[in-house]
Amino acid sequence: AIDRHVGTPVESKTALLWEGDNGATASYSFCEMARLSNQYANFLTSLGVAKGDRVFLFLPRIPVLYAAFLGILKTGAIAGSLFSAFQQQALVDRLENSSAKVLFTTKELSARVAGAKAKLPNLQHIIIVDSPEFLGAIAKQPDTFACVHTKPEDYSFMLYTSGTTGKPKGVVHVHNGILHEYATAKYVLDLRPDDIYWCTADPGWVTGIVYGILSPWMLGVTMLVHAGRFDPDVWYGLLEKYKVTVWYTAPTAIRMLMSKGDAPVKAHNLTALRHLCSVGEPLNPEAIRWGVKVFGLAFHDTWWQTETGAMMMVNFRGMDIKIGSMGVPFPGLEAAIVDDTGNPLPNKTEGNLAFRPGWPSMMAAIWQNEEKYTSYFVNNWPASNASRSDAGWYISGDHAWKDDDGYYWFIGRADDVIKTSGERVGPFEVESALVEHPAVTEAGVIGKPDELRGEIVKAFVVLKPGTKPTEELKAELSEYVKKHLAGHAYPREIEFIDKLPKTRSGKIMRRILKAKEMGLPIGDTSTLEEY
Ligand code: PRX
């Protein structure tokens, strides 16, 4: 992504335009980023990091994150990223499961892991990137490095993501994924040499890695990174100041901008913008229409997942958009709507959104969980001798339907995974965090539809006998999850109830909680214990 430009005219071009939340700025050329990442690679090598080791980043969006990420890949180690809103429990789960050897973090964020070192015997080094010792050490490293050679099927980066049950799973990607990342950035984001590109996603999530580090730099494109929080005025200011041409963002951000009205857009000169794309949650028709009204451009929806590693359903810039549709499969992919056993369903029928396995950026493993990995596939995959046509299907976990023109339309998740402000939250993690609180006996967590955030996390909580169900306690429980699990995953709404609906085997029936919440029929309750 970086070294390929060294020795070409691109080397002196700006790779990274960075703006901090206090207005601080910095910029790095491709050549400078190449040298800096070499220093990180040398530093890691001096610590004994070798091919296949896991090195994690728990950092805000500062330039170090970008140089360190590339430095890790250069050593052949596997780069892992951790969203900066994670608190101790979320961090320990991920660092423990991956047996990470090195963690890069800041003074401020390091406090969240400090108390958990005993649980992480494999974590040999916690590198504080804003400490004088580290700054001294990195400055001394040579700025050349011979990249460790990797094969296409070698692991490159991993990200933890949530499902319905259990702890988050480590989705592992391979170096070969770059083919799919590159092709989609070129043809869907339409990135060209003169673009100033802004991907608003954090590298703690897959979009921030694939379309916020690797693919734009593969294409030699100048990228803007804003380290601060979402703020409509700041965002419009950045689009104007940096003359952003291509903007990749998410529906919740678009809806939040929309809720501030048209005047703030008109107050800025945004004529440099030429292409807008969106990902992460359903892009509502109103958001597209509003984009056309105020920017003169339509947001182009893209659909993909942490597991797919790159865009799968796309709306090309030159294609007629059907407002509300996710678009069409990227060329080379075979998509289908199938039933639970993998039989393709006719058009206009709801079913599982599925893909023929084997595309270049498809996840190669769930870290140390073969059973979970195989559970994504029906029929033959990943049988080593499966040819493409009998390889079965990768089942995405989303329900959708296809129209007669080959456009796909999103319906919803097939499981209990919550999407709040575009971020994926597993109900089990939130339930586990809640029951750690001394006042809680048990909890059931669902995604409650929300106009602005898509969904919010809602918890139904059974209190210990004798505990008073007060509003203060609700606030305390929300705060508890925020402080122990993650800043983005806390329940914005809590309801105390006497008893949770459960199956006879004791599983919480979140489907029933959701139906009740939304005033919908409860459906088949034959497996329920008395409720
Ligand atoms: O439910 C789909 C939703 O986000 C899920 C994947 O989340 P994550 O792994 O965090 O990756 C997000 C960014 C790549 C999907 O299973 N999703 C993603 N894009 C869309 C979407 N839902 C509707 N429309 C989309 N364009």
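Exactly one condition in (1) under 30 Å from G166 (Cα atoms); (2) outside any loop (DSSP other than H, G, I, E, B) is false for V10; which is it?
(1)
Out of the stretch 483-516, which residues are in contact with a Pro (Cβ under 9 Å, 6 or more places away or on another chain) and outside any loop (DSSP other than H, G, I, E, B)?
Matches in the stretch 483-516: F496, I508, R510, R511, I512, L513, A515, K516.
Inspect the stretch 342-363 for any residue being β-branched (V, I, T) and either under 23 Å from the mean Cα position of the chain (by Cα) or modelled with pLDDT under 95 (or both) and give the result as yes or no.
no
Just to be sure before I move on: is K482 surrounded by fewer than 19 Cβ atoms within 10 Å (Cβ to Cβ), over 28 Å from the mean Cα position of the chain (by Cα) and charged (D, E, K, R) in the structure I sent?
Taking the combined requirement at face value, the residue does not satisfy it.
Among residues belonging to the stretch 321-332 that are touching a strand residue (DSSP E or B) at 6+ places or on another chain (Cβ under 6 Å) and not in a strand (DSSP E or B), point out the one that is surrounded by the most Cβ atoms within 10 Å (Cβ to Cβ).
M326
Criterion first (at pLDDT 95 or above, surrounded by 18 or more Cβ atoms within 10 Å (Cβ to Cβ) and among the basic types (K, R)) does R274 satisfy it?
No: the conditions fail for R274.
Condition (residue is of a type in the set (A, V, I, L, M, F, W, C), under 25 Å from the mean Cα position of the chain (by Cα) and under 30 Å from F230 (Cβ atoms)) applied to the stretch 35-49: is it met by at least one residue?
no
Enumerate the pairs (first residue in the stretch 115-126 and farther than 16 Å from A50 by Cβ and modelled with pLDDT under 95; second residue anywhere and of a type in the set (D, E) and surrounded by 11 or more Cβ atoms within 10 Å (Cβ to Cβ)) with beta-carbon separation below 7 Å, excluding pairs fewer than 6 apart on the same chain, so at least 6 apart or on different chains.
Every condition considered, the pairs that remain are K119/E96.
If you check A386 against the conditions, is it at pLDDT 95 or above and either away from the ligand (no atom under 13 Å from the Cβ) or within 21 Å of the chain's Cα centre (by Cα) (or both)?
When the stated conditions are applied, A386 does not pass them.
Across the stretch 151-184, what is the total count of residues that are of a type in the set (S, T, N, Q), surrounded by 18 or more Cβ atoms within 10 Å (Cβ to Cβ) and part of a loop (DSSP other than H, G, I, E, B)?
Of the residues in the stretch 151-184, 1 are of a type in the set (S, T, N, Q), surrounded by 18 or more Cβ atoms within 10 Å (Cβ to Cβ) and part of a loop (DSSP other than H, G, I, E, B).
If a residue must be in contact with an Asp or Glu (Cβ under 6 Å, 6 or more places away or on another chain) and in contact (Cβ under 8 Å) with a residue 40 or more places away in the chain, how many such residues does the stretch 85-114 contain?
2
Select from the stretch 408-422 the residues that are charged (D, E, K, R) and within 10 Å of the ligand (Cβ to nearest atom) and list them in ascending order.
R413, D415, K419
Tell me which residues, restricted to the stretch 419-436, are closer than 25 Å to W401 by Cα, in contact with a helix residue (DSSP H, G or I) (Cβ under 6 Å, 6 or more places away or on another chain) and of a type outside the set (S, T, N, Q).
G422
Looking at this structure, is P216 within 16 Å of the ligand (Cβ to nearest atom), part of a helix (DSSP H, G or I), surrounded by 18 or more Cβ atoms within 10 Å (Cβ to Cβ) and not aromatic (F, W, Y)?
Yes, satisfied.
Any idea how many residues of the stretch 295-320 are surrounded by fewer than 17 Cβ atoms within 10 Å (Cβ to Cβ) and either modelled with pLDDT under 95 or not in a loop (DSSP other than H, G, I, E, B) (or both)?
Residues meeting the conditions: 3.
Identify the residue in the stretch 423-438 that is under 19 Å from K514 (Cα atoms) and outside any strand (DSSP E or B) and, among all such residues, is nearest to the ligand (Cβ to nearest atom).
Applying the filter and picking the extreme gives G426.
Can you tell me how many residues in the stretch 182-206 are β-branched (V, I, T) and in contact with a Lys or Arg (Cβ under 6 Å, 6 or more places away or on another chain)?
Adding up the residues that qualify gives 1.
So which of K474, K458, K468 is basic (K, R), at pLDDT 95 or above and buried (at least 21 other Cβ atoms within 10 Å of the Cβ)?
So the residue among K474, K458, K468 that is basic (K, R), at pLDDT 95 or above and buried (at least 21 other Cβ atoms within 10 Å of the Cβ) is K458.
Looking only at residues in the stretch 283-323 that are touching a Gly at 6+ places or on another chain (Cβ under 9 Å) and acidic (D, E), which one is farthest from the ligand (Cβ to nearest atom)?
E307
Among the residues of the stretch 435-451, are any buried (at least 16 other Cβ atoms within 10 Å of the Cβ), of a type outside the set (G, A, S), in contact (Cβ under 8 Å) with a residue 60 or more places away in the chain and under 26 Å from V113 (Cβ atoms)?
Yes, because at least one residue in the stretch 435-451 is buried (at least 16 other Cβ atoms within 10 Å of the Cβ), of a type outside the set (G, A, S), in contact (Cβ under 8 Å) with a residue 60 or more places away in the chain and under 26 Å from V113 (Cβ atoms).
Can you name the residue in the stretch 395-407 that is of a type in the set (D, E, K, R) and buried (at least 19 other Cβ atoms within 10 Å of the Cβ) and, of all such residues, is nearest to the ligand (Cβ to nearest atom)?
The selected residue is D398.
Under the condition of being part of a loop (DSSP other than H, G, I, E, B) and among the acidic types (D, E), which residue from the stretch 243-294 is farthest from S421 (Cα to Cα)?
Ranking the qualifying residues of the stretch 243-294, first place goes to D262.
Of the residues A50, A68, which is surrounded by fewer than 24 Cβ atoms within 10 Å (Cβ to Cβ), more than 22 Å from L485 (Cα to Cα) and either in contact with a Pro (Cβ under 9 Å, 6 or more places away or on another chain) or among the small types (G, A, S) (or both)?
A50 is the lone residue from the list that is surrounded by fewer than 24 Cβ atoms within 10 Å (Cβ to Cβ), more than 22 Å from L485 (Cα to Cα) and either in contact with a Pro (Cβ under 9 Å, 6 or more places away or on another chain) or among the small types (G, A, S) (or both).
Among the numbered criteria (1) among the β-branched types (V, I, T); (2) more than 16 Å from the ligand (Cβ to nearest atom); (3) in contact (Cβ under 8 Å) with a residue 60 or more places away in the chain, which one does I337 miss?
I337 satisfies all of (1) among the β-branched types (V, I, T); (2) more than 16 Å from the ligand (Cβ to nearest atom); (3) in contact (Cβ under 8 Å) with a residue 60 or more places away in the chain except (2).
The values are calculated or read from the model by the stated rules, or taken from the named source; none is laboratory data. All figures in this text were calculated on a predicted structure; none of them were measured in a lab. No Cβ is skipped: glycine too gets one built from the backbone with ideal geometry, and neighbour counts run over all protein chains shown.
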